[in-house]
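Below: the structure, in structure tokens.
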Amino acid sequence: MRTQVAIIGGGPAGMLLSEILHQAGIDSVVLEQRSREYVLGRIRAGVLEQGSVDVLRAAGLGARMDREGHPHDGAAIVWAGRSTFFIDCWKYVGRRFLTYGQTNIQEDLFAAADRRGAQLLCEATDVMPMDVTGARPHVTFKRNGASHRLDCDFIAGCDGYHGVSRSVIPASVLRVFEKVYPFGWLGILSETPPQPHLTYANHPRGFALASMRNPMLSRYYVQVSLADRIEDWPDERFWTELKARYPDDIARTIVTGPSVEKSIAPLRSFVAEPMRHGRLFLAGDAAHIVPPTGAKGLNLAISDVFYLSRALRAHYGERRDDLLDRYSETALRRVWGAVRFSWWLTNLLHRFPDMGDFEQRAQEGELDYLASSVHAQASVAEQYAGMPFE
Ligand code: APR
Ligand code: PHB
């Protein structure tokens, strides 16, 4: 088998890259280790920056997103039982964002791939990038019991945090930056009308977030201890705890119902540098993880793909490699901006186990400052809305 770009991983990064390359006349094969049902069943992020919306639209993936996605001017923050302060992206930077589930994007990507008869090979196991710095880059894998070799010009490692691609970069080259937070988020989906705004809550009992997927599907989170298990959180306890973390006027309007999904995710920040090694290019979670505070994970996967597809188009279309050579540097600049912002917002909104009275007052002082300074609000709004692409 031979293709121009071998793509490892069929998540949003890998599938979107394949779609954009196809539109530029560049051939690719996607190797995904899981089944299509498994990939489509994952409940993930749900907030798209304007820049991400533009990339998806340009890739022909806008029809359902524009119909079903819900535009927001900004997001609210509440704390210490106080009235909300609104991160007004529309007012300060003239950009809105969209709530539209990653699960839907994944469906749209598979549908588009089917329409063009894309080479998407699911349930490919033992996938391994080979000879990435040599003359004959290729990927070996097994499928339906047979061994295969896929020759290519480039390999895109879009296989997420637990993927194999990053591991072929030698330890002497790879530099990893990591921060593990001492808590997790317990998230539920419920078929109830959501709050009108995304609402982040800082409370002495811990962080909470009200989000949404559509007018009859709510997504809520509460900060929990890493020792907690799903069994510790029957729906009744979840709703009581969630409401306790919001001011009364908001808590009263939260509509409860049975959860249709419930999971606990630990929070971490992680960046691997460089994002290129020879003919291997990392994109998305394979190269970086952010805590979900600020909803940057999916948006970073999309911006990596934007930069990488542009660089590959320049290689094949104009025979220039300067964009490929600068890919890691360009992508990492945006990555670090979002990593810093997510880390800062996580620190601002959560209760850390070792927090003393001093840290608590300092956190409240920062929230007070944010609520009273248009300069501070404009800075947060600019980053929340997403920095423009280079
Ligand atoms: N071989 C083939 N495929 C693999 C391998 C492997 N060794 N390891 C992982 N994969 C697949 C996974 O099954 C998954 O479908 O790679 C895909 C990676 O997809 P994601 O984890 O969704 O990562 P990415 O496409 O970068 O999207 C990032 O996902 O986790 C969220 O917050 C994150 O929203 C962001 C988005
Ligand atoms: C979500 O809707 O899942 C979501 C929204 C905002 C975040 C994180 C997650 O910051």
Subset tally (residues that are over 28 Å from ILE105 (Cα atoms) and either open to solvent by 30 Å² or more (accessible area, probe 1.4 Å) or within 16 Å of ligand 1 (Cβ to nearest atom) (or both)) for the range 198-215: 3
Tally, over the range 290-342, of residues that are surrounded by fewer than 21 Cβ atoms within 10 Å (Cβ to Cβ), touching a residue at least 40 places away in the same chain (Cβ under 8 Å) and basic (Lys, Arg): 2
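Restricting to the range 273-289, what's the tally of residues that are open to solvent by 10 Å² or more (accessible area, probe 1.4 Å) and within 9 Å of ligand 1 (Cβ to nearest atom)? Can you show your working first?
At the first step, the residues of the range 273-289 found to be open to solvent by 10 Å² or more (accessible area, probe 1.4 Å) are 273-274, 276-279, 285, 289.
Subset that is within 9 Å of ligand 1 (Cβ to nearest atom): 285, 289.
Within the range 273-289, residues that are open to solvent by 10 Å² or more (accessible area, probe 1.4 Å) and within 9 Å of ligand 1 (Cβ to nearest atom) number 2.
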Subset of the range 216-248 that is open to solvent by 80 Å² or more (accessible area, probe 1.4 Å) and touching a residue at least 24 places away in the same chain (Cβ under 8 Å) - its residue that is farthest from THR346 (Cα to Cα): MET216
Failed condition for GLU390, given (1) closer than 30 Å to GLN23 by Cα; (2) within 16 Å of ligand 1 (Cβ to nearest atom): (2)
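For the range 42-65, name all the residues that are assigned to a helix (DSSP H, G or I) and either in contact (Cβ under 8 Å) with a residue 60 or more places away in the chain or under 12 Å from the mean Cα position of the chain (by Cα) (or both). Working first, answer last.
Step one: of the range 42-65, the residues assigned to a helix (DSSP H, G or I) are 50-58, 62-65.
Those that are assigned to a helix (DSSP H, G or I) and either in contact (Cβ under 8 Å) with a residue 60 or more places away in the chain or under 12 Å from the mean Cα position of the chain (by Cα) (or both): GLN50, GLY51, SER52, VAL55, LEU56.
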Identity of the residue in the range 35-78, farther than 13 Å from THR99 by Cβ and among the β-branched types (Val, Ile, Thr), that ends up nearest to ligand 2 (Cβ to nearest atom): ILE43
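Being in a helix (DSSP H, G or I) and touching a strand residue (DSSP E or B) at 6+ places or on another chain (Cβ under 7 Å) is the filter here; which residues of the range 221-255 pass it?
Residues of the range 221-255 that are in a helix (DSSP H, G or I), as a first pass: 230-232, 235-244, 248-251.
Within the range 221-255, ILE230, ASP235, PHE238, GLU241, LEU242, ILE250 qualify.
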Residue check for SER83: more than 18 Å from the chain's Cα centre (by Cα), at pLDDT 95 or above and open to solvent by 10 Å² or more (accessible area, probe 1.4 Å): no
Filter pass, LEU349 being surrounded by 21 or more Cβ atoms within 10 Å (Cβ to Cβ) and either more than 16 Å from ligand 1 (Cβ to nearest atom) or over 30 Å from VAL173 (Cβ atoms) (or both): yes
Test: residue in the range 249-258 that is surrounded by 21 or more Cβ atoms within 10 Å (Cβ to Cβ), modelled with pLDDT of 95 or more and of a type in the set (S, T, N, Q): no
Candidate set from the range 89-130 (those that are polar (S, T, N, Q) and open to solvent by 10 Å² or more (accessible area, probe 1.4 Å)); member that is farthest from ligand 1 (Cβ to nearest atom): GLN119
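Could we say that ASP54 is among the acidic types (Asp, Glu) and in contact with a strand residue (DSSP E or B) (Cβ under 8 Å, 6 or more places away or on another chain) here? Full working, then the answer.
On the way: among the acidic types (Asp, Glu): yes; in contact with a strand residue (DSSP E or B) (Cβ under 8 Å, 6 or more places away or on another chain): no.
Criteria not met by ASP54.
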Evaluation of ARG115 against (1) without any contact (Cβ under 8 Å) to a residue 24 or more places away in the chain; (2) more than 21 Å from GLN23 (Cβ to Cβ); (3) basic (Lys, Arg) (one fails), failing number: (2)
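Residue by residue, here is whether (1) more than 16 Å from ligand 2 (Cβ to nearest atom); (2) among the hydrophobic types (A, V, I, L, M, F, W, C); (3) in a loop (DSSP other than H, G, I, E, B) holds:
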residue	(1), (2), (3)
GLY160	yes, no, yes
ARG166	yes, no, no
VAL176	yes, yes, no
TYR181	no, no, no
GLY206	no, no, yes
LEU209	no, yes, no
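The values are calculated or read from the model by the stated rules, or taken from the named source; none is laboratory data. Just so it is clear, the structure is predicted and the values come from calculations on it, not from any experiment. Here the Cβ is made from the backbone with ideal geometry for all residues, glycine too, and neighbour counts use every protein chain on show. For the accessible areas, the whole protein counts, side chains as well, though only heavy atoms, and no ligand, DNA or RNA atoms are used. Shrake-Rupley method; radii C 1.70, N 1.55, O 1.52, S 1.80 Å.
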